[in-house]
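Q: My questions all concern the structure below.
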Amino acid sequence: MASHLEHHLALLKHLRGILVALGDAEQVLDDSHDLFLERYDELLAELPRDPLASQYLGQDLISQIFHRYPQIAHLVPRDLLWFFGGDCLHFMPDEEITLYQTLDERRFEAEEKGEPFDWNQEKQLLALPTDGASH
C-alpha cells in the first residue's frame, strides 16, 4: 500500500533532519558523518523505487544509528525498526514486537478486504490499556 510506504519515507526524512542537526551541532567526531548521510540519501531515493532491495540498506543504516549516534537512539521512530526488520528488531523489546505483529496482521486483513487502514490510529488503539478503566 502506497500510504504505508509514504508513512515510512516521511519518518526517514524526519530522522535525516535529526542527523543533519547532529552534524551541524558538531556532535559528530569524525568525517564519516557526511558519507553516512550520502548513504542515507541513497536509501531515501531507492526505497520508493525498490522497497524490497532497499531492506538491507535500511537495516544497516538504522542499526548504525544506534551504534554511531547513541545520543539520538531514543529519537529513532519505532515504526522504522519494525519496517526494516532484521537486525533492527534487536533494538525492540518482545512486547513491542508483538504489538507490531498484531498491527501488521490488521493492516493485511484490511488490505485483503479493500478497507482503508490508518496505521497511526490502529497503533494508538493497540497501545491503549485493555483493563477497561476509563473514568
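The values are calculated or read from the model by the stated rules, or taken from the named source; none is laboratory data. Here the structure is a predicted model, which is why all the values come from computation and not from measurement. Don't worry about glycine lacking a Cβ; one is built from the backbone with ideal geometry, like all the others, and counts go over all protein chains shown.
Q: Consider only pairs whose beta carbons are under 6 Å apart and that are at least six residues apart or on different chains; among these, list those whose first residue lies in region 71-91 and is over 19 Å from H4 (Cα atoms) and touching a residue at least 12 places away in the same chain (Cβ under 8 Å) and whose second residue is in a helix (DSSP H, G or I) and polar (S, T, N, Q).
A: So the pair list comes out as D87/Q59; D87/S63.
Q: Considering region 4-31 alone, what residues qualify as being part of a helix (DSSP H, G or I) and either touching a Ser or Thr at 6+ places or on another chain (Cβ under 7 Å) or without any contact (Cβ under 8 Å) to a residue 24 or more places away in the chain (or both)?
A: Within region 4-31, E6, A10, G17, V20, A21, G23, D24 qualify.
Q: Considering region 42-58 alone, what residues qualify as being assigned to a helix (DSSP H, G or I) and free of Cβ contacts under 8 Å to residues at least 12 places away in the same chain? Spell out the reasoning first.
A: So in region 42-58, the residues assigned to a helix (DSSP H, G or I) come out as 42-49, 55-58.
Residues satisfying the conditions are A45, E46, R49.
Q: Moving to a separate point now. Condition test on E109, is it within 18 Å of K13 (Cβ to Cβ) and in a helix (DSSP H, G or I)? Outline the logic, then answer.
A: Numbers: within 18 Å of K13 (Cβ to Cβ): no; in a helix (DSSP H, G or I): yes.
No.
Q: Go through L52, L61, L22 for me and flag whichever is in contact with a Lys or Arg (Cβ under 8 Å, 6 or more places away or on another chain) and farther than 26 Å from Q124 by Cβ.
A: Values: L52 fails: in contact with a Lys or Arg (Cβ under 8 Å, 6 or more places away or on another chain); L22 fails: in contact with a Lys or Arg (Cβ under 8 Å, 6 or more places away or on another chain).
Of the residues listed, the single one that is in contact with a Lys or Arg (Cβ under 8 Å, 6 or more places away or on another chain) and farther than 26 Å from Q124 by Cβ is L61.
Q: Yes or no: region 18-26 includes at least one residue that is under 25 Å from L103 (Cβ atoms) and either surrounded by 13 or more Cβ atoms within 10 Å (Cβ to Cβ) or modelled with pLDDT under 95 (or both).
A: Within region 18-26, the subset under 25 Å from L103 (Cβ atoms) is 18.
Among the residues that remain, those that are also either surrounded by 13 or more Cβ atoms within 10 Å (Cβ to Cβ) or modelled with pLDDT under 95 (or both) are: 18.
Yes, region 18-26 contains at least one residue that is under 25 Å from L103 (Cβ atoms) and either surrounded by 13 or more Cβ atoms within 10 Å (Cβ to Cβ) or modelled with pLDDT under 95 (or both).
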